[in-house]
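Colleague: Before I ask anything, here is the structure I am working with.
The values are calculated or read from the model by the stated rules, or taken from the named source; none is laboratory data. Because the structure is predicted, anything quoted here is derived from the model rather than measured. Cβ sites come from the backbone with ideal geometry, for glycine too, and all protein chains shown count toward neighbours. We work out accessible area using only protein heavy atoms, side chains counted, and drop any ligands, DNA or RNA first. Shrake-Rupley method; radii C 1.70, N 1.55, O 1.52, S 1.80 Å.
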Amino acid sequence: MSGKTRAAVAGANGYAGMTLVHLLARHPAVELVQLTSRSQAGRPYAEVFPLHDLKGEFRPEPDASQVEVVFSCLPHNVGAAKAREWLEAGARVVDMSADFRLKDPALYPVWYRQEHPASDLLASAVFGLPELHAADLPEARLVAVPGCYSTAAILGLAPAVAAGLVASDVIVDAKSGVSGAGRSLNLGVHFAEVNETLGAYAITGHRHLPEVLQELAGLADKPPDVTFVPHLVPMTRGILATCYFDLAGPLAQLEQAYREFYSEQPFTRVVDRTPTTKLASHTNLCLVNVAAQGHKAVVTAALDNLVKGASGQGVECFNIAFGLDRRLGLEAALQWP
Ligand SMILES: NC(=O)c1ccc[n+]([C@@H]2O[C@H](COP(=O)([O-])OP(=O)(O)OC[C@H]3O[C@@H](n4cnc5c(N)ncnc54)[C@H](OP(=O)(O)O)[C@@H]3O)[C@@H](O)[C@H]2O)c1
């Protein structure tokens, strides 16, 4: 026994799963013992991850009785039914999908087109945003890591909402790189379809909106209404969320609220210049800038959708849940330009 936590990654050949493998393979407290994929089953790990010294072959499903934690990177609606089996086998679960993020079971048929298959687990699932829920994570057996857009939008808005400095509805104009759509083949993300073009989508309501509303509701008695419009940008990775709302106080007070809210946070930083996605790329950072145009606050938040927007945040939650230093395995090499 190595004394390390034995981990499985389900969906290890997708973008979120591959990012997790890269992070966990060098994590000093983790032994990566199972990687799953239906299409890669039977193939040696080394063929898919030649840069890591990983021994073994892909399997179609995790054997949760052999690990202490399953990191699930399966599509939504797929892992929801499997999580119970993993938990009953004794593993803890860190889920990158949307399956356990929303507390209200009635929202799943509305946003995910099916009744939740394990709605009794929703109450115990911890929303895996450490900036808001670090205190709930140490005992968590099931962690629901928030969506990439939602992470950016919530981190961009939480201090203002908590401080009562939002005097209007909020508009979140969000942009994402194409890896946010995953690795599976899909006409909408073919090179010729996304290159040199830009467009909004899900204008009538994106699935990450209820996550944002749920979390902001936990910060104020009367949280603002939110209009959230995502855009697909011809870049590989990154999210930029630009949040607009009427200021309920002076800009200096808003800036102070953000600096205080994030003063102890290792990965969310208030920065003096408007952040770009490249600044946060390949890191677990969320960079937040607070500014105004007249009475209108303009808060921008940038992060890497695959790291702070998914698998890096999953590792951050795992670290807290297993009593480790929250930063372990998340020190990023400088990637610039
Ligand atoms: N991409 C992002 O930026 C991002 C950010 C935050 C959260 N997430 C969430 O993370 C999860 C994975 O996203 P992704 O972008 O990594 O997707 P992806 O690249 O499409 O990967 C999906 C993975 O799931 C497996 N899979 C697909 N259908 C399956 C099924 N029916 N049963 C079992 N395994 C199945 C795939 O492998 P096989 O087909 O070989 O089994 C693959 O390993 C999703 O829930 C997504 O919403 C993604």
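Colleague: Once you place label points 7 Å from the Cα toward the Cβ at Leu185 and Glu88, how far apart are they in nm?
Modeller: 3.7
Colleague: OK, next. Test of understanding: given the chain, find the longest segment containing no trypsin sites (Lys or Arg not before Pro) that are in a DSSP loop and have at most 13 other Cβ atoms within 10 Å.
Modeller: Longest gap between qualifying sites, sites excluded: 114-272.
Colleague: Then there's this: Determine the share of segment 49-205's accessible area contributed by carbon and sulfur atoms, expressed in whole percent, with a 1.4 angstrom probe.
Modeller: Carbon plus sulfur share of accessible area: 53 percent.
Colleague: Write down the Kirkwood hydrodynamic radius of segment 75-219, to one decimal in angstroms, obtained as one divided by the mean of 1/r over all alpha carbon pairs.
Modeller: 16.8
Colleague: Next up: Starting at 0 and stepping by 5 Å, how many percent of the alpha carbon pairs of segment 148-305 end up in each bin?
Modeller: Values per bin, smallest distances first: 2, 10, 19, 22, 20, 14, 8, 4, 2, 0.
Colleague: May I pose another question? Excluding ligands, DNA and RNA, what is the solvent-accessible area per residue of the chain at a probe of 1.4 Å, expressed in Å²?
Modeller: Ligands and nucleic acids excluded, the result is 44 Å² per residue.
Colleague: Tell me, what is the 1.4 Å probe accessible area of Trp86, in Å² to the nearest 10?
Modeller: Per-residue accessible area (Trp86): approximately 0 Å².
Colleague: Stokes-Einstein diffusion coefficient for the chain at 4 °C in a medium of 1.567 mPa s, Rh from the Kirkwood formula over Cα pairs: what value in µm²/s?
Modeller: 64
Colleague: Right, here's the next one. Compute the longest continuous run of the chain that contains no exposed GluC sites (Glu not before Pro); treat a site as exposed when its DSSP state is not H, G, I, E or B and it has at most 11 other Cβ atoms within 10 Å.
Modeller: Here the longest segment lacking exposed loop sites spans 1-114.
Colleague: So, in Å, what gap is there between the alpha-carbon centers of segment 12-67 and segment 183-241?
Modeller: What the calculation gives is 29 Å, centre to centre.
Colleague: Taking segment 192-254, which chymotrypsin sites (Phe, Trp or Tyr not before Pro) meet the DSSP loop condition and have no more than 13 other C-beta atoms within 10 Å?
Modeller: Tyr201
Colleague: How much net charge surrounds Arg6 when only other residues with a Cβ under 9 Å from its Cβ are counted (Lys, Arg +1; Asp, Glu -1)?
Modeller: The answer is -1.
Colleague: Using only Cα atoms, locate the centre of segment 280-337 and the centre of segment 77-143, then give the distance between them in Å, rounded to an integer.
Modeller: Segment 280-337 and segment 77-143 have Cα centres spaced 22 Å from each other.
Colleague: Let me ask another. Zone of Asp53 (label point 7 Å along Cα→Cβ, backbone N under 17 Å): which residues in segment 1-32?
Modeller: Counting backbone N atoms under 17 Å from the label point, the list is 1-4, 22-32.
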